[in-house]
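Remarks on the structure that follows.
The values are calculated or read from the model by the stated rules, or taken from the named source; none is laboratory data. Since the model is a prediction, treat every value here as computed from it, not as a measurement. Cβ sites come from the backbone with ideal geometry, for glycine too, and all protein chains shown count toward neighbours. To get the accessible areas, we keep the full protein, side chains included, count just its heavy atoms, and leave off ligands, DNA and RNA. Shrake-Rupley method; radii C 1.70, N 1.55, O 1.52, S 1.80 Å.
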Amino acid sequence: MEKDQVQRYTVSLVRTIQNNHHYLKETIPDFQGYCLMVTPEKNVPPETINKVRETYKEIQNRLTEIKAIQQLLQGKYRQYYHRDPLQDKEILEFGFIAKSCYLKFDYNMKLIEVKKKKLEEKSSQMAQKV
């Protein structure tokens, strides 16, 4: 009876990994698109910026949950767990893609801030001349 409970628990943990994997598979392309929309040349709505930040936070939460469950399965429930190397590789790739896109987004946000400061300085100089 105990063994059956452990197996069911292991299956539920694997299902959680699969659900998070499915979420990441659908979310990463959208996240990449949002990150590409943010450039210093374009006027980006604040909703898009917030969407990128919230999505990145959720992606990181899902990746952290997957890693924690995998550690538990590989440690305590090793005999009931069969790894899926393709899925593991894809999850690692999702993490890499999310991080690289977010770093580009963050860099573009810094460029936008610098551009705003330059415009403010120019406008204040023009106001002083007048």
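Within the range 45-55, none of the residues are within 16 Å of Phe94 (Cβ to Cβ), touching a helix residue (DSSP H, G or I) at 6+ places or on another chain (Cβ under 6 Å), open to solvent by 30 Å² or more (accessible area, probe 1.4 Å) and part of a helix (DSSP H, G or I).
Taking the criterion of being open to solvent by 60 Å² or more (accessible area, probe 1.4 Å), in a helix (DSSP H, G or I) and either without any contact (Cβ under 8 Å) to a residue 40 or more places away in the chain or at positive phi (or both), the residues of the range 61-93 that qualify are Asn61, Thr64, Lys67, Gln71, Gln74, Arg78, Gln79, Pro85, Leu86, Lys89, Leu92, Glu93. Scanning the range 107-130 for residues that are modelled with pLDDT under 75 and among the charged types (D, E, K, R) yields a single hit, Lys129. The residue that is nearest to Glu113 (Cα to Cα), among those in the range 28-38 that are open to solvent by 30 Å² or more (accessible area, probe 1.4 Å) and either in contact with a helix residue (DSSP H, G or I) (Cβ under 7 Å, 6 or more places away or on another chain) or outside any helix (DSSP H, G or I) (or both), is Met37. When Arg8 is tested against (1) open to solvent by 90 Å² or more (accessible area, probe 1.4 Å); (2) in contact (Cβ under 8 Å) with a residue 12 or more places away in the chain, exactly one condition is not met: (2).
If you go through the range 101-119 one residue at a time, do you hit one that is surrounded by 14 or more Cβ atoms within 10 Å (Cβ to Cβ) and part of a loop (DSSP other than H, G, I, E, B)? Scanning the range 101-119, I find no residue that is surrounded by 14 or more Cβ atoms within 10 Å (Cβ to Cβ) and part of a loop (DSSP other than H, G, I, E, B), so the answer is no.
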